[in-house]
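Peer 1: Quick one: this structure, given as structure tokens, is what I'll be asking you about.
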Amino acid sequence: MYIPRPEYGTRLDFWHEWLIPHSSILNHDVHYSLLAKLSDGWTGGMIKATVSAIVKRHKKMLQEEQIERELRETDPMYKIESGGKAVSHVGKKLIKMDHIMDEMSNFDPVFIEQDKAWNAWFNKTPLQKARLQEQGGGGKGKDKKGKKGAKGGKGGKGKSKGKGRR
């Protein structure tokens, strides 16, 4: 089954749909329209994989910070290194546009040449040829009925097959 690459509006909807559930951890600098433009040539699956990877990386970073925070509180060596003062990290860690763009660089779009090559191959398959003929004039060659009609077909000169001959 062929699913064409999504257009701008669809990509924008994909980014919205898959990032909005994580809006509590998104920074205000995330621009959905820019993401839709930058993901031109991407499939919906690529966009979803990017969002999943971003969220997964962010959760891993938060877990590592939590472990480090717990170590700081319990390990006396951390207090010695900081001069006996408690070091605090202020603010909530959010996913920024830079993080998303870094993750986007790991994916390559489906290039137009690749798409055209796939379509050219697919149009040569018997199933697609049949579909194109059913749709009317989609095939490059003449269909068989048209060739018979040109020769004369039934009722014309030539050998006849069927009930009238014994």
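The values are calculated or read from the model by the stated rules, or taken from the named source; none is laboratory data. Just so you know, these numbers come straight off a predicted model, no measurement behind them. As a convention, Cβ positions derive from the backbone with ideal geometry for all residues, glycine included, and neighbour counts pool all protein chains shown. Accessible surface is based on the protein model in full, side chains and every heavy atom, while ligands, DNA and RNA are left aside. Shrake-Rupley method; radii C 1.70, N 1.55, O 1.52, S 1.80 Å.
Peer 1: Among the listed pairs LYS37/LYS116; LYS56/LYS124; LYS37/LYS92; LYS93/LYS116; LYS48/LYS129, which are separated by more than 31 Å between their Cα atoms?
Peer 2: LYS56/LYS124; LYS93/LYS116; LYS48/LYS129
Peer 1: Another question, then. Heavy atoms only, probe 1.4 angstrom, no DNA, RNA or ligands counted: give me LYS129, LYS116 ranked by accessible area, highest first.
Peer 2: Details: LYS129 105, LYS116 140 Å².
So the residues, ranked largest to smallest area, are LYS116, LYS129.
Peer 1: Kindly sort ILE67, ILE100 by accessible area of their heavy atoms, largest first, with the probe set to 1.4 Å.
Peer 2: From most exposed to least exposed: ILE67, ILE100.
Peer 1: Size of the dipole of the stretch 1-74 about the Cα centre, Lys and Arg at +1 and Asp and Glu at -1 on the beta carbon, nothing else charged, in debye to 20?
Peer 2: 200
Peer 1: Around ASP115, with a cut-off of 14 angstrom between Cβ atoms, what is the net charge of the other residues, counting Lys and Arg +1 and Asp and Glu -1?
Peer 2: With Lys, Arg at +1 and Asp, Glu at -1, the net is -2.
Peer 1: Which GluC sites (Glu not before Pro) does the stretch 1-71 hold that lie in a coil by DSSP with at most 13 other beta carbons within 10 Å? Please report the intermediate quantities before stating the final value.
Peer 2: Values: sites: GLU7, GLU17, GLU64, GLU65, GLU68, GLU70; in loops: GLU7.
Sites meeting the loop and neighbour criteria: GLU7.
Peer 1: Given the whole protein assembly as supplied and a 1.4 Å probe, what does the accessible area of MET104 come to in Å², nearest 10?
Peer 2: Rounded to the nearest 10, the figure is 20 Å².
Peer 1: Right, next: Name the residues whose placed amide hydrogens come within less than 5 Å of the amide hydrogen of ILE95, ignoring near sequence neighbours (fewer than 5 apart) on the same chain.
Peer 2: LEU26, ASN27
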